[in-house]
1. Can you give the FRET efficiency for ARG50 and GLU102, using 1/(1 + (r/R0)^6), R0 = 35 Å, r = Cβ-Cβ distance, to the nearest 0.05?
2. Rank by packing, highest mean first: peptides 69-81, 37-49, with packing defined as the count of other Cβ atoms within 10 Å averaged across residues.
3. Put a dot 7 Å past each Cα toward the Cβ at VAL31 and ARG84; how far apart are the dots in nm?
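Any read-out appearing in this document is the output of simple, stated calculations on the displayed coordinates, not a laboratory observation. Please read these numbers as outputs of a predicted model, since none were measured by experiment. Every residue, glycine as well, gets a Cβ built from its backbone with ideal geometry; the counts of neighbours run over all protein chains shown.
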Amino acid sequence: MNVAEIIPPADIWMHGGWGWGWMSLMMVMMVLFWGAIIFGVFWLLRGVARDGSAPLESPARKESPVEILERRFAEGEITEDDYRARREVLTNEATAAADSRESTSC
């Protein structure tokens, strides 16, 4: 057998001289590609399934000014006199704002 007869089939087998390194890289890239596709489908289906059910954690509720005042009083940060004075201001402002909204809407 002549060496010239062996070289062309070997060249075709090794993908034009790129060798097994290129082939290995292509196989890894293909596995990563399909892994990403499968992960994306799983992630989308999981998100769609969760929208129909109750969320795992309830969203954080923002405290109202009166609730903050009550919490601070309960923790002892403010005195009873401060609590009463500040609560009066807050409740009067809330009542005044509600009254002004009612008077402008009529």
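1. On the way: r = 41 Å, r/R0 = 1.18.
Efficiency, from the Cβ-Cβ distance: 0.25.
2. 69-81, 37-49
3. Modelled inter-label distance: 7.6 nm.
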